[in-house]
Every structure is written in C-alpha cells, then in structure tokens.
Amino acid sequence: MKLFLILTPVLALMACGGTGEAAAEEPVVTEEAVGEVEWIHDDMDAALALAEETGKPVFVDMYADWCGPCRMLAEEYFPRDDYKEVLSSCVLLKINTDNNQALAARYGIQSIPTMILLDPQGNEIDRITGVMGSPESFLPVIEEFIAQGL
C-alpha cells in the first residue's frame, strides 16, 4: 500500500508530461514549432546586426512558454504560408520574457504576447499586444504593422 501511495504521484506526473523540473528549462517554442521560417532566439544583438546588414526591420515576438496565446501564435499563425510570406520581410526574433527579464523591462513589456517592430538600431516603431481573432483576420493587422517598418 505504501508503494502505491509513493508511485501514484510519480506516475501522475509522468502521465501529464511533467519531469519535476522548471518549465523554463523545457522550451515549447522551437525552430520546428514555427515551421521553415527562421527565427533568432533570445539574441537581440544578432538580430540587430542582421537587420543592419539586410536593411530589414526586426519583428520581435515577446513570449513565455506557459502562455497559451503565445503558443497559439507559434503553432497556428506563424507557420502558415501567408504569415511566412509577410514575415519574410523582417528579421525574426523570439524573446522568452521569463529568461530575458531585463530585455522585457527595457521594452516595457507588461503582458504577452507582445510583438514589437524595431528599426535596425533597436528603436521601437510600433507594437501589438495580444492576439486578435482568427489567423485570417489577424493577418491584415500583421501586414499593416510590418508595412510601417518598410
């Protein structure tokens, strides 16, 4: 009976996919999750250097692994071909706000997801906070947003 009481929580944790480690160590958003579009992860300097080199604005996706709307963007919106086409005019950067709190504070992130459009020098052009509507209805918002930086 004691063995059953000890194993039950362990088995329940394993069945739910938990490992007992902090969620921050298990990134949900990966290169595979966003499809073929190439994202830079958690490296603002690299993104700005590439933006300077290419003359493109930087599209920053501020997210956290535990954020449902953030995962929805990464899994259902950004991998779509129509989004890939629009996003291809930018350097793409994902910033995990849990792991980059100083950078999130620097840009005044108060809720996520927040998408920020930066010029190649890192100056903010505009931002969108949250996800509004279906992928189809949100795409024109993203298109207009990105057009401001081109």
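Just so it is clear, none of the values below were taken in a lab; they were calculated from the coordinates. Only a predicted model underlies this, so the values are computations on that prediction, with no experimental measurement involved. Because the Cβ atoms are built from the backbone with ideal geometry, glycine has one as well, and the counts that use them run over all protein chains shown.
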*Would you be able to say whether some residue in region 122-132 is charged (D, E, K, R) and in contact (Cβ under 8 Å) with a residue 40 or more places away in the chain?*
no
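Need a quick list: helices (runs of 4 or more DSSP H) entirely within region 53-150 having at least 3 residues that are among the aliphatic types (A, V, I, L, M) and surrounded by 19 or more Cβ atoms within 10 Å (Cβ to Cβ). Even if it seems obvious, please write down each step before you answer.
Values: elements: 68-72, 81-87, 101-106, 135-147.
Helices (runs of 4 or more DSSP H) meeting the threshold: none at all.
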*If you check Leu118 against the conditions, is it out of contact with any helix residue (DSSP H, G or I) (no Cβ under 6 Å at 6 or more places or on another chain) and closer than 21 Å to Glu144 by Cα?*
yes
*Could you count how many residues in region 42-65 are under 18 Å from Thr97 (Cβ atoms) and of a type in the set (D, E, K, R)?*
5
